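Report on the structure given below.
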Amino acid sequence: MSITSEIPILPTSRDVFNEVDAAVMQCAYASQNHFGRLCEEAVYENDVKARLHATGFDDVHTQVELLVSHGGFQKEYRLDLVVNQVLYELKAADALIPEHDAQALNYAALLGLNRVKLINFGGPKVQGRLHGAPFADMDRRNIKIDNSKWQPLSKACTKLAEWFEEFIRNIGGYLNTRIYEEALMWFCGGKDACVQRLPVRRNNREMGKHACRLYCDDCAFVITGLKPGESRRNYQRQLRSLVNALPIQAFQWINIHHLDVSFVTVRGQGNRQRNGGKGINVSVLS
């Protein structure tokens, strides 16, 4: 497993950050004053870079490649702006939303940084939001796994759990759940192989379909990032209602919260014919 950046990006001191940030924000304000707030993100990105160069900053990079790899799996990210090793995520949205915060912190976690800043050009005025991060002094690979509620219903279930445990112990916690899901789909043969829309039934009558991530013909996996407590208990109840309406035996549910990972098997009630008796032609881990 490796996490590699196109350029070195390391934690910075507060003094270094303050010096860089004063210049970056001055350029950001000037850019919006010149172009207004309706341009696409790339316009502000390129303009801020040019303005920083004009003020004497040489170590300015945009669209920096960040590559995560494990075995044959690869995930590429692009970092909007790096100035003297200070990381910025740029937006051109009406307002910053939690998904933007999560994206910025995801990059900080991958790089082991102590801060990352969001800058939004799409509002009435430029908005900056600084996130302090604990990742410079943290071992994100110190994963704790609770599999007390896991039932390996087949060899495929065991393979799934073993590979995912190896993956997350290598890549670490605190990341956006999307990368864990994409990695597991890759392991299961890719999205086209494992994602299938299955019939949802009530009283043996089909009411519609639901996309499931299958790794064998009667089990699907689900990945979430829920905090402990009622939200997680409620999600398990919702999964149970869903599995009872689907032609599968169980959901194997993996929840990642920071460094804590839980493996939970949510089984349906009784033995039901799968896929209306036709079977589901999936066995990616057999």
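The values are calculated or read from the model by the stated rules, or taken from the named source; none is laboratory data. Small disclaimer: the values here were computed from a predicted structure and weren't measured. So basically every Cβ, Gly included, is an ideal-geometry build from the backbone, and we count neighbours across all protein chains shown.
Where residues in segment 28-51 are part of a helix (DSSP H, G or I) and acidic (Asp, Glu), which of them is surrounded by the most Cβ atoms within 10 Å (Cβ to Cβ)?
Only one residue tops the list, namely GLU45.
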Just one of GLY208, GLY173 is part of a loop (DSSP other than H, G, I, E, B), small (Gly, Ala, Ser) and not assigned by TED's automatic domain parsing to the domain that holds VAL68; which is it? GLY173
Need the failing condition index for ARG51 against (1) modelled with pLDDT of 95 or more; (2) closer than 30 Å to CYS188 by Cα, just the number. (2)
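Quick check, is ALA95 surrounded by fewer than 18 Cβ atoms within 10 Å (Cβ to Cβ) and either more than 22 Å from ARG178 (Cα to Cα) or among the aromatic types (Phe, Trp, Tyr) (or both)?
Considered against the rule, which asks whether it is surrounded by fewer than 18 Cβ atoms within 10 Å (Cβ to Cβ) and either more than 22 Å from ARG178 (Cα to Cα) or among the aromatic types (Phe, Trp, Tyr) (or both), ALA95 comes out as yes.
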When every residue in segment 118-152 that is within 18 Å of the chain's Cα centre (by Cα) and assigned to a strand (DSSP E or B) is compared, the one surrounded by the fewest Cβ atoms within 10 Å (Cβ to Cβ) is HIS131
Condition test on ALA136, is it touching a Gly at 6+ places or on another chain (Cβ under 6 Å) and farther than 24 Å from SER5 by Cα? no
Specify which of the listed residues (GLU206, GLU166) is within 19 Å of the chain's Cα centre (by Cα), modelled with pLDDT of 95 or more and loosely packed, with under 15 Cβ neighbours inside 10 Å. GLU166
Restricting to segment 204-228, count the residues that are within 10 Å of PHE251 (Cα to Cα) and out of contact with any Leu (no Cβ under 9 Å at 6 or more places or on another chain). 0
Consider only pairs whose beta carbons are under 8 Å apart and that are at least six residues apart or on different chains; among these, list those whose first residue lies in segment 4-20 and is on the phi > 0 side of the Ramachandran plot and whose second residue is assigned to a helix (DSSP H, G or I) and loosely packed, with under 14 Cβ neighbours inside 10 Å. none
Look at GLU40 and say whether it is within 20 Å of LEU130 (Cβ to Cβ) and of a type in the set (Asp, Glu). no
Among the listed residues VAL222, VAL266, which satisfies the condition of being at pLDDT 95 or above, farther than 27 Å from PHE73 by Cα and in contact with a Phe, Trp or Tyr (Cβ under 8 Å, 6 or more places away or on another chain)? VAL266
Just a yes or no: is a residue in segment 67-77 more than 14 Å from SER5 (Cβ to Cβ), touching a residue at least 60 places away in the same chain (Cβ under 8 Å), of a type in the set (Gly, Ala, Ser) and surrounded by 14 or more Cβ atoms within 10 Å (Cβ to Cβ)? no
